[in-house]
């Protein structure tokens, strides 16, 4: 199957998922379940990554800024902007593409292979609406929240590393954080977060929903979905930066 | 009643169904039999709408399924129950939740009313006490019974079973066959069964469609199979010496000779 066939089928899947729920209560329950799975389930890894990426950024920025003419508070500014603009949305979403994406692809793939999707179809349920829409909606709600959390924890991790390594004091770091702050950067980061959230939920859903074969193919489609999601995140990252900055 | 006329279906160059026509009767167990690759599963999937036939017409109780809009099909599908070969139970749900799922989705009944219905069907399939177990914790035969319970919970008019006996021991197979037959008569539903199981063919075959290479080769009931002179059918059904003996016994019985019990009586 070539790229255009995949892309056409992906668009048809997205079109097919927009439909009236058979029972709003059941869909709401499924949506909440997905929010818990995608959001709460990924909270631990996102927190750890965010703290460390902030900490490493502080140490590495300090290592490169050797000129006595540049004030120490600049380190905080650089850490803040890199975390908000790039690390929090892109790095976290790439990690989530692995964590959440593989879970979505393998869950749907297993349902397809074990005929659970066929069983739902025969009951008269729109399987795309029931199985895919809540996952995408949950990702669009929880992933931007996690990106905001990653921004906060990343900057906090940088502040901790700064004082722990005697690079700069907490006061200097806080002073630097408030210098030349551009609120638009947060808006831009959230636009990226929404775009990436859609990518890391819809692409694995496509690969999982249309899987054919057995357990080996579920594994393959799960891996493929993560690879394609990561590439799409990087392409979208560049496109958004070129368009919006 | 389900009637299908001249159903054709191909996958690429491979013709899987080549103009199959037949009538599946209400209140009877209608069996589709044939060797592997004869097109049984594809035919059943066409009947329930999982595959679109390339040609032909499918009629459910006088209404053309082929010409229906997707919304009308959704409504009709609420009257269809299906038991899958691997049971297709939702593994993240308990037995009770699996059976309750169609009720949650399509009815606005109170929780107590739904639970009463769930318990009623679980009791009907002899699964009392397994409500809280997950599919991974129950046997193959129990899974099939949960599948049947889920398929009948909305009181369907049509029941489809894909290889209901696959992977089951002969005794459990007989229990499942008996259950399907009883439910068919009790609820007066049109049951369509895909099977390889010769015991099922002889025990519950009210209306049998025998397929060879995507075509209808023979049709009749289990009694007529015994006297059929169709060579392919005979080779398929009575493949082993044991089954040929069973056939001879049935023929003798049907012709008014000694009954099976008399033949099998220990000699003094």
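Every number in this text was worked out from the coordinates using simple rules, so none of it is lab data. It should be emphasised that the depicted structure is a prediction, and the values quoted were computed from it without experimental measurement. Reconstructed Cβ throughout: ideal geometry from the backbone, glycine too, with neighbour counts over all protein chains shown.
A few points about this structure:
- Unique match (being free of Cβ contacts under 8 Å to residues at least 12 places away in the same chain, more than 14 Å from chain B (Cβ to nearest Cβ) and in contact with a helix residue (DSSP H, G or I) (Cβ under 7 Å, 6 or more places away or on another chain)) among A:166, A:170, A:180, A:185: A:170
- Segments classed as helices (runs of 4 or more DSSP H), wholly inside the range B:136-232, with at least 3 members that are within 30 Å of residue B:106 (Cβ to Cβ): B:140-152, B:170-187
- Residues (over 25 Å from residue B:132 (Cα atoms), more than 8 Å from every other protein chain (Cβ to nearest Cβ) and in a helix (DSSP H, G or I)) located in the range B:54-104: B:70, B:71, B:72
- Residues located in the range B:105-135, provided they are without any contact (Cβ under 8 Å) to a residue 24 or more places away in the chain and assigned to a helix (DSSP H, G or I): B:105, B:111, B:112, B:113, B:114, B:115, B:116, B:119, B:120, B:123
- Condition check for residue A:149: within 14 Å of chain B (Cβ to nearest Cβ) and part of a helix (DSSP H, G or I): no
- Residue in the range B:11-26 that is within 14 Å of another protein chain (Cβ to nearest Cβ) and under 25 Å from residue A:117 (Cα atoms) present: yes
- Verdict on residue A:120 being over 12 Å from the mean Cα position of the chain (by Cα), surrounded by 24 or more Cβ atoms within 10 Å (Cβ to Cβ) and within 14 Å of chain B (Cβ to nearest Cβ): no
- Helices (runs of 4 or more DSSP H) wholly inside the range A:1-105 that include at least 3 residues being within 14 Å of another protein chain (Cβ to nearest Cβ), within 25 Å of the chain's Cα centre (by Cα) and buried (at least 16 other Cβ atoms within 10 Å of the Cβ): A:24-35
- Candidates are the residues of the range B:40-53 that are in a loop (DSSP other than H, G, I, E, B) and closer than 16 Å to residue B:15 by Cα; the one that is farthest from the other protein chains (Cβ to nearest Cβ) is B:53.
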